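*Asks:* One structure is given below, represented as structure tokens, and several questions about it will come after.
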Amino acid sequence: MTDPGMPQGPGALEGLRVVELCDELGMFAGKLLADMGAEVVKVEPPEGDRTRTYAPFVDDEPGPERSLYFWHYNTSKAGVTLDLGEAEGREQLRALIDRADILLQSGEAGADLDYEALRETNAGLIMVTLSPFGRGMPREDEASTDLTILAGGGPAWNCGYDDHSLPPVRGGGNQGYHTASHFAVMSALVALLYRDESGRGQHIDVNAHAAANVTTEAGTYTWLVAQETVQRQTGRHAGVNPSMPSQVECADGRYVNTGIPPRRPEAFGAVCEWLRTAGLAEEFLEFPLLEEGMRRERFDMSMLQQDEELMAIFGAGRAAMNFLAERLTAYEFFTGGQQRGFQIGIIYSPEEVLEDPHFIERGFPVEVEHPELERTVTYPGAPYQLLGSPWRIRRRAPLLGEDNERVFAELSGDAE
Amino acid sequence: MAQALSHLRICDFTGQLAGAGATRFLAAFGAQVIRIEDPVNQGRWDILRGMPPYVDERRGVEFGGPFNNHNVEKLGVTLNLRTDRGKELLRQLVAVSDVVAENFSAGVMERWGFGYEELQAIREDIIYVSNCGFGHRGPYRDFKTWGPIVQAVSGLTFSSGLPDQPPAGWGYSYMDHTGAYYMAIAILMALRHRNRTGEGQWVDLGCTEAGASLTGPAMLDYTVNGRPLRRQGSPNSNRSQFPAMAPHGIYPSQEEDTWVALSCRDERDWEAFGEVTGEAWTQEGRFSDLRGRLVGEDALDELVAGWTRTRGNFEVAALLQGAGIPATAVQRPQERIDQDPNTEAWGLWPTVQHRDMGDVRVDGLPVHFSETDWTMERGGPCLGEHNEEVFGGLLGLSADEIASLTEEGVL
């Protein structure tokens, strides 16, 4: 299943016991821990987690074991079902939490769990609660989705198009949930390292709206520092002042980000060489300006406004990059430019990443067995490569109640 | 309050946000983060040192607003690694550090003689975390990136946009933030592994991989169902991809360039939406179930926009929230930072003291700990601000030695 060149061995979180009682806000945090070796027990109601009803489905046929959403967010976890409406279910949950290092909670299930009560029987417990607005906060009762978290929390204001009659855009992929989950994991690990030193557990409150607020870069600090408001622009950083366009549609219809145009004599030399190699030097009418840029010893940027030729040279440099982009495929432009030192990027759709040679060579696409469907499915792989204690999908997402027998037997074993 | 990570020391070569954001998080919990900067180029490994916004008219490497924001609670020292004495001092610093963190291009640390093997020779259990766009191994190891390039190649730029338009992308470096989060997670996990096994390790973090891991359901829809996100009419990221919901989007409100976001998660939300708006079209049979609303989503969006356009965005949000429907104004920076009771109550914008800039508000953290909460009081370090504390207090150099090393251009 694993390429021979990929790092082997136990994950960094081997032996860590986690109980997850999370809706979609926090279940990614459980995956991040589980794929690094933690024993994450996901607790679902007897009828199954709500996200099992989320599209997309295998062959577009709904079913509790067919949600690709559920599959992605629950890799490497064990799955148990408990009826928390019944005393027995609550007792078993308590027994699970009593032997856990970390409890992750978001959403309705487990919202009534009280940390102070839980620590009476598990003093080292680290409990992480994720919620849209933080517990006890003024807006805590507001309903939310990923869209409203990103729209109210700042990111959407920064994203969209130069044409402001088009709405701001929420970036895709439920990134508001992801950001909250990232902070949940960072925080749980900080608390774990503290517990390694002190023996003490604690409760952590994660606020998704606040997480979005502090994940908007200049949108935030431009206001904090200078009380200025950034404005959205097509495919580039929102800014107080407009910047030059940086996306070009290539010959194959895919877009590229053309990055920062040539600004040094060597960069002009590289563009000249690139145009010649591509057989486009004759066709690019401002080629002599590029050669002039290459010949100059250095550019005095402070004189830019006075130096009309330099302005023309810079304009030609930008035009040359756009000219190349329009005549090459996106992949030719990306690799050709990067090999010549330009920080440019192909704008891949997610599935295209899985077919890129760099990602393949690094082992990013991974194969996961789904024996009951007699399928092997390609999943996105490691977000980081801990070479001494690697990331790995241990198993596909649990079937409903798949681990009840084993986990509950272990619990009764603990009790004896 | 106790500090969770006060037992840890990080030898920090990070810069920008993709790296500096990681050690910032750890510093806020008490880790001693020592930023190493180059005295020769005045710390301009990190271009944010002198970048806007500025608090006033003053300019230069001590006045970059982003640098201050991303480096709160860190110590700053200068060290000229072109000199043998500078390298020797770095070796001494590594020997007493738990982690070496950097986000240079691949190969920079190796060229200085401080690749993982050399670091390990100095301290057997060192944790070395390198963070760059494509990682240190693989065909693109020499390719260069910054946030927007990482987002482009990892599929995130494409995933953000409206139909029949070019990609909208992210209007900021989402993957600088998020790359930093992954870097922090990796550092913490590696420390946990060391606590258990006594072993250090190298973490090879490629930000494009971290970014690509954030589009999972779309990838699986392709690998399982053969349905690419690149297809006619896709993506429309203001709509809900997974799970299906409608209406779900960002709609215009009364004033120019003001917007409201709303989601009807289920039939209850939709019925409540009908009651709140009182619009006859909400009762039409074609919209009576989710399937109908998805099939007719373009028409539905027009009708919803016709209603939202008659009111202010905060008013629409309040009306819908009153009925339990997820809704919010698309908040501008001023609205969410200075006027949102929730960010205020959370204490999300702490004020730090920077030696030269004075008091400046910065990004706080979206978490609170019951026992060892974060603190942010000290601003980003000025160049060499903590040379005495680190080279004197930590490494034991005398004041005379520090003065002569400064004179010689080593510090």
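The values are calculated or read from the model by the stated rules, or taken from the named source; none is laboratory data. Note that the structure is predicted; figures quoted are calculated from it, not measured. With ideal geometry, Cβ positions are generated from the backbone for all residues, glycine too; neighbour counts draw on all protein chains shown. Side chains are part of the model used for accessible areas, which takes the heavy atoms of the whole protein and leaves out ligands, DNA and RNA. Shrake-Rupley method; radii C 1.70, N 1.55, O 1.52, S 1.80 Å.
*Asks:* So which residues in the range A:18-52 are over 16 Å from the mean Cα position of the chain (by Cα) and of a type in the set (D, E, K, R)?
*Replies:* A:20, A:23, A:39, A:42, A:44, A:47, A:49, A:50, A:52
*Asks:* Restricting attention to the range B:342-389, which residues are in a loop (DSSP other than H, G, I, E, B), over 24 Å from residue A:204 (Cβ atoms) and open to solvent by less than 10 Å² (accessible area, probe 1.4 Å)?
*Replies:* Once the filter is applied, which keeps residues that are in a loop (DSSP other than H, G, I, E, B), over 24 Å from residue A:204 (Cβ atoms) and open to solvent by less than 10 Å² (accessible area, probe 1.4 Å), the range B:342-389 yields B:379, B:380, B:381, B:382.
*Asks:* Which fully enclosed helices (runs of 4 or more DSSP H) of the range B:207-290 have 2 or more residues being open to solvent by 40 Å² or more (accessible area, probe 1.4 Å)?
*Replies:* Here the list reads B:216-225, B:267-277.
*Asks:* Follow-up. In the range B:327-359, how many residues are facing another protein chain (nearest Cβ under 8 Å), in contact (Cβ under 8 Å) with a residue 24 or more places away in the chain and among the aliphatic types (A, V, I, L, M)?
*Replies:* Here the count works out to 3.
*Asks:* I need a count of the residues in the range B:57-77 that are in a loop (DSSP other than H, G, I, E, B), over 24 Å from residue B:178 (Cα atoms) and open to solvent by less than 50 Å² (accessible area, probe 1.4 Å).
*Replies:* So the count comes out to 4.
*Asks:* Does residue A:135 count as over 30 Å from residue B:323 (Cβ atoms) and either more than 26 Å from the chain's Cα centre (by Cα) or within 14 Å of another protein chain (Cβ to nearest Cβ) (or both)?
*Replies:* It is false that residue A:135 is over 30 Å from residue B:323 (Cβ atoms) and either more than 26 Å from the chain's Cα centre (by Cα) or within 14 Å of another protein chain (Cβ to nearest Cβ) (or both).
*Asks:* Tell me which residues, restricted to the range A:138-160, are more than 23 Å from residue B:244 (Cβ to Cβ), at the interface with another protein chain (Cβ under 7 Å from one of its Cβ atoms) and surrounded by fewer than 22 Cβ atoms within 10 Å (Cβ to Cβ).
*Replies:* Within the range A:138-160, A:138, A:139 qualify.
*Asks:* Could you please tell me which pairs satisfy a Cβ distance under 7 Å, a separation of 6+ or placement on different chains, a first residue in the range A:352-379 that is in contact (Cβ under 8 Å) with a residue 24 or more places away in the chain and not assigned by TED's automatic domain parsing to the domain that holds residue A:331, and a second residue that is basic (Lys, Arg) and surrounded by 14 or more Cβ atoms within 10 Å (Cβ to Cβ)?
*Replies:* Correct list of pairs: A:368/A:396; A:369/A:396; A:370/A:396.
*Asks:* If residue B:197 satisfies every condition in (1) more than 7 Å from chain A (Cβ to nearest Cβ); (2) under 17 Å from the mean Cα position of the chain (by Cα) but one, which is the exception?
*Replies:* Every condition holds for residue B:197 apart from (2).
*Asks:* For the range B:317-326, name all the residues that are in contact (Cβ under 8 Å) with a residue 24 or more places away in the chain and either at the interface with another protein chain (Cβ under 7 Å from one of its Cβ atoms) or open to solvent by less than 40 Å² (accessible area, probe 1.4 Å) (or both).
*Replies:* Within the range B:317-326, B:317, B:320, B:323, B:324, B:325, B:326 meet the criteria.
*Asks:* Can you go through A:381, A:388 and tell me which one is touching a strand residue (DSSP E or B) at 6+ places or on another chain (Cβ under 6 Å), in a loop (DSSP other than H, G, I, E, B) and surrounded by fewer than 21 Cβ atoms within 10 Å (Cβ to Cβ)?
*Replies:* A:388 is the lone residue from the list that is touching a strand residue (DSSP E or B) at 6+ places or on another chain (Cβ under 6 Å), in a loop (DSSP other than H, G, I, E, B) and surrounded by fewer than 21 Cβ atoms within 10 Å (Cβ to Cβ).
*Asks:* With the requirement that a residue be among the small types (Gly, Ala, Ser) and either within 28 Å of the chain's Cα centre (by Cα) or exposed (fewer than 15 other Cβ atoms within 10 Å of the Cβ) (or both), what does the range B:299-316 give you?
*Replies:* Within the range B:299-316, B:299, B:306 meet the criteria.
*Asks:* What's the number of the condition residue A:166 fails, among (1) of a type in the set (A, V, I, L, M, F, W, C); (2) touching a residue at least 12 places away in the same chain (Cβ under 8 Å); (3) at the interface with chain B (Cβ under 7 Å from one of its Cβ atoms); (4) out of contact with any strand residue (DSSP E or B) (no Cβ under 6 Å at 6 or more places or on another chain)?
*Replies:* Just one mismatch for residue A:166, condition (2).
*Asks:* Let me ask you something else. Just to be sure I understand, how many residues within the range A:1-32 are farther than 20 Å from residue B:243 by Cβ and either within 12 Å of chain B (Cβ to nearest Cβ) or modelled with pLDDT of 95 or more (or both)?
*Replies:* 15
*Asks:* If you don't mind, another one. Please pick out the residue among A:83, A:59 that is in a loop (DSSP other than H, G, I, E, B) and open to solvent by 10 Å² or more (accessible area, probe 1.4 Å).
*Replies:* Answer to the selection: A:83.
*Asks:* Just to be sure before I move on: is residue A:35 modelled with pLDDT of 95 or more, open to solvent by 10 Å² or more (accessible area, probe 1.4 Å) and either not polar (S, T, N, Q) or not assigned by TED's automatic domain parsing to the domain that holds residue A:186 (or both) in the structure I sent?
*Replies:* For residue A:35, the condition - modelled with pLDDT of 95 or more, open to solvent by 10 Å² or more (accessible area, probe 1.4 Å) and either not polar (S, T, N, Q) or not assigned by TED's automatic domain parsing to the domain that holds residue A:186 (or both) - is not met.
*Asks:* Search the range B:18-32 for residues that are within 15 Å of residue B:2 (Cβ to Cβ) and within 11 Å of another protein chain (Cβ to nearest Cβ) and pair each with any residue that is of a type in the set (D, E, K, R) and buried (at least 24 other Cβ atoms within 10 Å of the Cβ) when their beta-carbon atoms are under 6 Å apart and the residues are at least 6 apart or on different chains.
*Replies:* B:28/B:73
*Asks:* Which one is least open to solvent (accessible area, probe 1.4 Å), of the residues in the range B:189-199 that are out of contact with any Asp or Glu (no Cβ under 7 Å at 6 or more places or on another chain) and free of Cβ contacts under 8 Å to residues at least 40 places away in the same chain?
*Replies:* Ranking the candidates gives B:189 first.
*Asks:* Here is a follow-up. Which of the residues that make up the range B:1-14 are out of contact with any strand residue (DSSP E or B) (no Cβ under 8 Å at 6 or more places or on another chain) and open to solvent by less than 10 Å² (accessible area, probe 1.4 Å)?
*Replies:* Listed by number, the list holds a single entry, B:5.
*Asks:* Hand me the list of helices (runs of 4 or more DSSP H) wholly inside the range B:84-164 holding 1 or more residues that are among the small types (Gly, Ala, Ser).
*Replies:* The qualifying helices (runs of 4 or more DSSP H) are B:84-95, B:116-122, B:147-153.
*Asks:* Within the range A:316-347, how many residues are outside any helix (DSSP H, G or I) and more than 10 Å from chain B (Cβ to nearest Cβ)?
*Replies:* 3
*Asks:* Quick one: is residue B:202 within 16 Å of residue B:17 (Cα to Cα), open to solvent by 10 Å² or more (accessible area, probe 1.4 Å) and at the interface with chain A (Cβ under 7 Å from one of its Cβ atoms)?
*Replies:* no
*Asks:* Evaluate the range B:125-147: report whether one residue or more is more than 30 Å from residue B:86 (Cβ to Cβ), buried (at least 21 other Cβ atoms within 10 Å of the Cβ) and under 18 Å from the mean Cα position of the chain (by Cα).
*Replies:* yes
*Asks:* While we're looking at this one, here's another question. Inside the range A:218-235, can you point out the residues that are surrounded by 22 or more Cβ atoms within 10 Å (Cβ to Cβ) and in contact (Cβ under 8 Å) with a residue 12 or more places away in the chain?
*Replies:* Once the filter is applied, which keeps residues that are surrounded by 22 or more Cβ atoms within 10 Å (Cβ to Cβ) and in contact (Cβ under 8 Å) with a residue 12 or more places away in the chain, the range A:218-235 yields A:218, A:219, A:220, A:222, A:230, A:232, A:233, A:235.
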